[in-house]
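Take a look at the structure set out below.
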Amino acid sequence: MKTTALTAAAALIALTPAALAQGPLTPPGPPAPIMKTLDQVEARIIVSAAKTPGDQTNNFIIIAPGSYYLTGNITGEAGKHGISIQANDVTLDLNGFALVSGVGGAFRGVNVPVARSGFCIRNGSVRGWTDGGVRADAAVTLAENLRLSENTGATGLVVGNGSMIKDCVASGNGAGFFAGDRTQISNCISTVNMGAGFNCTSFVTLLDCTSSRNGGTGIVVQADSSVIRCNASRNISAGGGSTLTGNNPVR
């Protein structure tokens, strides 16, 4: 019995090195990263002096297509526009923060100085600018979830032809909203502005909007426009060929 046990133990010892062999210990190459980079986690660009530097008339300038966002409130410098959009296909997400005027001169919170396509701005406040909150006069724009206030020198939000505005509030501005031809505005409120609540050109559609206690006419649309299910104090002024459906114009 003892001989058999010794023989078995010897056999196990003889087999162990082969059984436990793990291959070469030299690694095949340098360690590879296993964590994602910041650009992979958040594939957007922060609006900052490093990423979107400004010049003598703008705090920040966006010069390339892409998606940009704020990481905190921004107060502009006196005598400068806040953010200048100088490219097509730009999305600017205020990310719940505010873009506030630095005071001094006629300057704009977000300025699109020439015709642009594919501009989108959303999710935040633009306050206190003297030449308008968001001025995209010649830009095809999607504007949503904006709060435009105290932009006393001009209109809270201006967009070009073929734009869309939804879920925005304009209060205490020179005027509330201005929309170019073939724009659609939905679920927006314009109140206590000095001028008109909504001032629109032709072929514009307003849906489920409210205009109240503004200094000028509640809603102004030019030819061939539609105003549907809106409430407007100081009435609705509509050009020829326009359709007014289910509204509540009160003085």
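In region 66-117, the portion of solvent-accessible area held by carbon and sulfur atoms comes to 47 percent [1.4 Å probe, whole percent, DNA, RNA and ligands not counted].
What number comes out for accessible area per residue over region 102-251 if the probe is 1.4 Å? Units Å², please. Working shown, then result.
Details: 5660 Å² over 150 residues.
On a per-residue basis, 38 Å².
Stretched out fully, how many nm does the piece from Gln86 to Asn248 gain, at 0.36 nm a residue minus the Cα gap? Write out the running numbers ahead of the final one.
Values: separation 162, 0.36 × 162 = 58.32 nm, distance 4.06 nm.
Extra length available between Gln86 and Asn248 comes to 54.3 nm.
Placing a label point 7 Å from the Cα of Leu207 along the Cα-to-Cβ line, the residues of region 127-154 whose backbone N sits under 16 Å from it are 142-145. Using a simple spin-label model with pseudo-atoms 7 Å out from Cα toward Cβ, Gln56 and Thr75 lie 2.6 nm apart. Here the extension length gained between Asp167 and Val192 equals 7.3 nm, from 0.36 nm per residue of separation less the Cα-Cα distance.
The values are calculated or read from the model by the stated rules, or taken from the named source; none is laboratory data. Treat the numbers as computed from the prediction; the structure is a model and nothing was measured. In this analysis, Cβ positions are derived from the backbone assuming ideal geometry, glycine residues included, and neighbour counts consider all displayed protein chains. The area values use the complete protein model at the heavy-atom level, side chains included, leaving out ligands, DNA and RNA. Shrake-Rupley method; radii C 1.70, N 1.55, O 1.52, S 1.80 Å.
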